[in-house]
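What follows is a short report on a single structure.
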Amino acid sequence: MINGSVVGLQPRIGVILRLPAGSEIEIECVIDTGFEGLLTLPPAAIARLGLPFLIKINANLANNSSVETDVYLATIVWNGVERDVAVLAMGRRPLVGTALLEDYHLGIDFCEGGTVLVDEIL
């Protein structure tokens, strides 16, 4: 089970990244159910973390516009399991998308300081 909290009416959880050098860092991410991908990080954060580049793609945004963005590879620890995921370099804050939530139950108490729970569907 992954626990988080609501801050400014944004559900947030910590995602652990295993860096190429072998160390780990936890990054606070906003859960965005309108984002169908796995994970986004701001481009400056990706540069600091030294994530390996994968490919450029055209990403479709909520306003139906398309932007070219770089995709990087990251290893995360998700619910205790190591996973390699594609990370889009975009935005101002880290986001967790619905592809990462697939096969999980998401529970949110939408009030300041409310509980966020992400748990496997059995």
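The values are calculated or read from the model by the stated rules, or taken from the named source; none is laboratory data. What you see is a predicted model; the values in this text were computed from it and never measured. Because the Cβ atoms are built from the backbone with ideal geometry, glycine has one as well, and the counts that use them run over all protein chains shown.
Just to be sure before I move on: is L38 modelled with pLDDT under 95, at negative phi and surrounded by 15 or more Cβ atoms within 10 Å (Cβ to Cβ) in the structure I sent?
Numbers: modelled with pLDDT under 95: no; at negative phi: yes; surrounded by 15 or more Cβ atoms within 10 Å (Cβ to Cβ): yes.
Spelling it out, it is not the case that L38 is modelled with pLDDT under 95, at negative phi and surrounded by 15 or more Cβ atoms within 10 Å (Cβ to Cβ).
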Residue in the range 69-87 that is surrounded by 11 or more Cβ atoms within 10 Å (Cβ to Cβ) and of a type in the set (D, E) present: yes
Index of the failed condition, A74 passing every other in (1) within 13 Å of G37 (Cα to Cα); (2) of a type in the set (G, A, S); (3) not in a loop (DSSP other than H, G, I, E, B): (1)
The one condition in (1) farther than 18 Å from L17 by Cβ; (2) assigned to a strand (DSSP E or B); (3) not polar (S, T, N, Q) that A62 fails to fulfil: (2)
Residue in the range 96-109 that is surrounded by the most Cβ atoms within 10 Å (Cβ to Cβ), counting only those that are touching a strand residue (DSSP E or B) at 6+ places or on another chain (Cβ under 6 Å) and either among the hydroxyl-bearing types (S, T, Y) or part of a loop (DSSP other than H, G, I, E, B) (or both): Y104
Scope the range 65-98; condition touching a helix residue (DSSP H, G or I) at 6+ places or on another chain (Cβ under 9 Å), without any contact (Cβ under 8 Å) to a residue 40 or more places away in the chain and under 16 Å from P20 (Cα atoms); matching residues: Y72, R83
Those residues of the range 2-19 which are modelled with pLDDT under 95 and touching a Leu at 6+ places or on another chain (Cβ under 7 Å), in sequence order: L19
Filtered residue count, the range 16-49, keeping only those that are over 11 Å from V87 (Cβ atoms) and of a type in the set (A, V, I, L, M): 8
Checking D103 against (1) on the phi > 0 side of the Ramachandran plot; (2) more than 16 Å from the chain's Cα centre (by Cα), the condition it does not meet: (2)
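Only one of these is surrounded by fewer than 13 Cβ atoms within 10 Å (Cβ to Cβ), among the hydrophobic types (A, V, I, L, M, F, W, C) and without any contact (Cβ under 8 Å) to a residue 12 or more places away in the chain: A47, A21. Name it.
Details: A21 fails: without any contact (Cβ under 8 Å) to a residue 12 or more places away in the chain.
Answer to the check: A47.
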